[in-house]
Amino acid sequence: MIAVYLALFLVTVVLYMRKQYLPFLFCYFGLMTKLFMLDTSEEISIKGEDLCIVANLLLLPVVWKRDRKMFAWRDDSISKWIYIYMLFYVAEYLVTTALGWESPLNGLKVIRVSFLMWGYFIFRCIPFGIFEQFIAVALRITLLQAFLYFLQFVGINLLADNSLDSERTEEANLNFAWNIPTLTLFYLYFTLKSDFAQRVKVVLVLIFFALIFLTFIRGMIISVIVGLAYYIFKQGDKRKMVPTMVGFLVVVLLALSVMGKKTDRSTHDTITDQMVEVFTDPASLADNYSGSGTFTFRMAMLVERVIYLVENPEYLLTGVGTMHEDSPQTAAQFNFLIGTINEDKDDGKCIIESGDITWVPIVLRYGIIGVIIHFMMFVIIIRMTRNRKDWLFVLAPLYLGGIIRSFDGSFFEDPIQLYLLTLFLAMISLAPKEVSTDIAV
């Protein structure tokens with residue numbers, strides 16, 4: 001598979017240089033998503049996202065030569081925050097390595113994913129109409145991935161990251177899989193908003209809802225409920241408000257039923273009791289919640305890191321820097337009781353990294369300033385789309401829900417999430433004031 005990835009990488013770079021933007025977007029998308037989620041290899045020595053980072057670095061000079069205005073920031077608030085975001089990472093890296101808190105190589109490993117944000121300037125060179133073509137074709141790819149996703153429940157595993165775990169399934173007493181198609185959430189809102197294919201609109205919406213509910217991920221399901229409520233509030237058809245609210249109520253009841261079936265493997269204390277304990281004595285939760293994956297566990301983990309910064313105020317504003325999870329300095333400096341379970345680690349848990357919640361590594365590494373800079377990326381994309389009347393509006397409920405999902409999984413440490421963020425930000429930057437909601441699919 002290494003040869004396939006390298007070949008696709010070379011084709012991606014050449015296509016961009018030749019201004020073949022539509023196939024470029026799909027090749028880039030394929031690299032980011034394990035060949036459109038069709039690469040089921042368990043061991044991948046060369047990651048597609050790393051090749052995309054290299055592609056970004058190679059193509060930035062091409063963009064500069066082609067049109068330097070793409071890097072202008074005075075009239076583009078998105079570019080300003082991209083620069084702030086990236087300069088902050090570089091500054092954190094330089095300070096951390098200069099003070100000897102971390103080795104240059106380990107520090108570079110920590111910030112490497114952030115280099116995907118430079119993709120914004122590469123995507124910004126692409127005409128907006130090409131993005132609309134990309135969305136139309138990517139919908140077909142997503143539906144094919146959805147079909148393969150459903151096949152997992154009958155034992156046919158053709159999709160990457162198959163998460164049907166017999167032990168976990170038996171423990172929870174239900175079947176679920178997490179590897180839904182990359183663009184599922186986007187296409188849920190996009191299908192609701194767009195005017196295309198009215199005859200199959202209901203079918204498509206039901207497919208995307210089924211994908212989401214079959215993950216049994218509470219954070220994702222709650223984010224969809226919040227996003228739908230916002231969608232209805234901002235752009236719901238007042239003439240159809242009664243059937244809309246009935247439909248929304250059905251979705252809420254179904255969501256509550258789905259979430260209620262997922263076994264809670266934590267203690268039998270009420271959520272209120274647990275949260276009180278989190279903020280009064282988070283260390284006491286270590287035995288009960290270490291690696292449990294519950295909301296209480298995630299909050300306890302976050303609070304423990306916040307307490308560390310408060311007790312060490314020299315780190316409060318900018319954090320401890322780009323310290324790597326596996327470095328000797330990290331093991332020597334921290335002694336956290338609560339962490340995401342990881343059997344490959346010496347203590348059986350992660351110290352800094354967490355796939356359970358976005359904000360643990362950000363709070364610890366980058367402090368208050370880092371939290372503000374990262375959170376502003378959500379604010380920017382919501383602010384720039386919330387009042388649009390075209391399909392770009394769907395990015396507002398999508399990323400409003402993204403804030404909720406950030407407390408139930410990784411975001412800024414997730415390469416695919418950063419890729420999608422830069423892609424959508426480029427679309428917003430390039431879009432005219434109003435675009436058609438009738439994309440030919």
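The values are calculated or read from the model by the stated rules, or taken from the named source; none is laboratory data. For clarity, every value in this text was computed on a predicted model and none was experimentally measured. Here Cβ is always computed from backbone atoms with ideal geometry, including for glycine, and neighbour counts include all displayed protein chains. Protein only, heavy atoms only, side chains kept; ligands, DNA and RNA dropped before computing areas. Shrake-Rupley method; radii C 1.70, N 1.55, O 1.52, S 1.80 Å.
If only one of F71, F29 is under 22 Å from the mean Cα position of the chain (by Cα) and over 15 Å from F115 (Cα atoms), which one is it?
Result of the check over F71, F29: F29.
Mind listing just one residue for me: the one in segment 12-21 that is farther than 11 Å from L51 by Cβ and under 27 Å from the mean Cα position of the chain (by Cα) and, of those, surrounded by the most Cβ atoms within 10 Å (Cβ to Cβ)?
Taking segment 12-21 as the starting set, the residues that turn out to be farther than 11 Å from L51 by Cβ are 14-21.
Cutting the leftovers down to under 27 Å from the mean Cα position of the chain (by Cα) gives us 15-16, 21.
Details: L15: 18, Y16: 24, Y21: 18.
Among those residues, the one meeting the criterion is Y16.
Is it true that R68 is under 16 Å from F121 (Cβ atoms) and either of a type in the set (D, E, K, R) or at pLDDT below 95 (or both)?
Values: under 16 Å from F121 (Cβ atoms): yes; either of a type in the set (D, E, K, R) or at pLDDT below 95 (or both): yes.
Yes, satisfied.
Of all residues in segment 178-215 being assigned to a loop (DSSP other than H, G, I, E, B) and modelled with pLDDT under 90, which is nearest to I232 (Cα to Cα)?
Step one: list which residues in segment 178-215 are assigned to a loop (DSSP other than H, G, I, E, B), which gives 178-183, 194-197, 214-215.
When the remaining residues are screened for being modelled with pLDDT under 90, the result is 194-197.
Details: S194: 14, D195: 16, F196: 19, A197: 21 Å.
Here the answer is S194.
Can you list the helices (runs of 4 or more DSSP H) lying wholly within segment 34-146 that have 3 or more residues being surrounded by fewer than 20 Cβ atoms within 10 Å (Cβ to Cβ)?
Values: elements: 34-37, 48-66, 77-98, 104-111, 119-123.
Counting at least 3 such residues, we get 48-66, 77-98, 104-111.
Residue by residue through segment 199-235, note down the ones that are open to solvent by 40 Å² or more (accessible area, probe 1.4 Å) and of a type in the set (D, E, K, R).
R199, R218, K234
Residue-by-condition table, conditions (1) at pLDDT below 55; (2) not polar (S, T, N, Q):
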site: F233; (1), (2): no, yes
site: K238; (1), (2): no, yes
site: T244; (1), (2): no, no
site: G247; (1), (2): no, yes
site: S257; (1), (2): no, no
site: K262; (1), (2): no, yes
site: D269; (1), (2): yes, yes
site: D281; (1), (2): no, yes
site: S284; (1), (2): no, no
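If you check L59, L144, L159, which single one turns out to be more than 22 Å from the chain's Cα centre (by Cα), farther than 29 Å from I372 by Cα and of a type in the set (A, V, I, L, M, F, W, C)? Spell out the reasoning first.
Numbers: L144 fails: more than 22 Å from the chain's Cα centre (by Cα); L159 fails: more than 22 Å from the chain's Cα centre (by Cα).
Answer to the check: L59.
Each row is one residue, and each column tells you yes or no for (1) out of contact with any Leu (no Cβ under 8 Å at 6 or more places or on another chain); (2) among the aliphatic types (A, V, I, L, M).
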site	(1), (2)
G367	no, no
V379	yes, yes
T385	no, no
R388	yes, no
L400	yes, yes
I403	yes, yes
F407	yes, no
F412	no, no
I416	yes, yes
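Just for helices (runs of 4 or more DSSP H) wholly inside segment 326-441: which have at least 1 residues that are at pLDDT 90 or above, open to solvent by 10 Å² or more (accessible area, probe 1.4 Å) and of a type in the set (V, I, T)?
Values: elements: 328-333, 359-383, 395-405, 415-430.
Ranges flagged: 359-383, 395-405, 415-430.
Does M323 satisfy the condition of being of a type in the set (A, V, I, L, M) and open to solvent by 10 Å² or more (accessible area, probe 1.4 Å)?
Numbers: of a type in the set (A, V, I, L, M): yes; open to solvent by 10 Å² or more (accessible area, probe 1.4 Å): no.
No.
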